[in-house]
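Read through the structure below, which is laid out as C-alpha cells, and then see the notes.
The values are calculated or read from the model by the stated rules, or taken from the named source; none is laboratory data. Being a predicted model, the structure only gives us computed values, none of them experimental. When we count neighbours, we look across all protein chains shown, and the Cβ atoms used for this are built from the backbone with ideal geometry, even at glycine.
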C-alpha cells in the first residue's frame, strides 16, 4: 500500500464513522449546535449530548462536538478526496519506461517538463493529508513506494520495448502478430 492508498483508506474509515451517526430523519435532521456548557443539540432542539450531574461539560467539548457533526466531517472527507484525485500517479509519467512514478498534481518544471515530485509518496499535499489523518513515521516508512517500471537496455543503451498492441485493426495485415 502506498501513501495515496493509505490516505484513501483513512478517509473511508472517517466517512464510515460519520455515516454511522448521521441521521437525517425527523426529528434529528439539522446541523449540530452547542447550547452553552451542558448540551449539543440539533438545530431543531433535540439533545444529542448532555452532561448529567452538577458539573457542566468540559469547556470547549460541546463546541468541539458541534463543529464535528457528520455533515461537516463528510465535507472534509470530500475535500480530501478532491485533493487525492488531483495528487495521484501521473499517467503520462508513470506508464513510461523512462520516468519515475510522479505526482500529477504537483506538475512539472524546467525545459524538459521534469516532474516536481518524482515519487508520489514524496508529494507535499499527500504528506499534509496523511499528517491530518494521523500517520506516524513508522507507518510512513512501512508504506510501499511506487517504483518506476524497469528500464530495458540493449548492450548498455536504453531502449523502449517494441509493442504493437496500439496499432489500429485497420492497419493490421493477414499475418498480424501482436
Checklist entry - When you go through (1) modelled with pLDDT of 85 or more; (2) at positive phi one by one for residue 53, which number turns out not to apply? => result (1)
Checklist entry - Among all residue pairs at least 6 apart or on different chains, which show Cβ distances below 6 Å where the first residue, located in segment 49-63, is touching a residue at least 12 places away in the same chain (Cβ under 8 Å) and the second is surrounded by 12 or more Cβ atoms within 10 Å (Cβ to Cβ) and not in a loop (DSSP other than H, G, I, E, B)? => result 49/40; 49/65; 50/39; 62/34; 62/40; 63/34
Checklist entry - Taking the stated definitions as given, is residue 23 in contact with a strand residue (DSSP E or B) (Cβ under 6 Å, 6 or more places away or on another chain), more than 30 Å from residue 130 (Cβ to Cβ) and modelled with pLDDT under 75? => result no
Checklist entry - Restricted to segment 102-132, and to residues that are part of a loop (DSSP other than H, G, I, E, B) and under 13 Å from the mean Cα position of the chain (by Cα), which residue is modelled with the highest pLDDT? => result 123
Checklist entry - Would you say residue 78 is outside any loop (DSSP other than H, G, I, E, B) and either at pLDDT 85 or above or touching a helix residue (DSSP H, G or I) at 6+ places or on another chain (Cβ under 9 Å) (or both)? => result yes
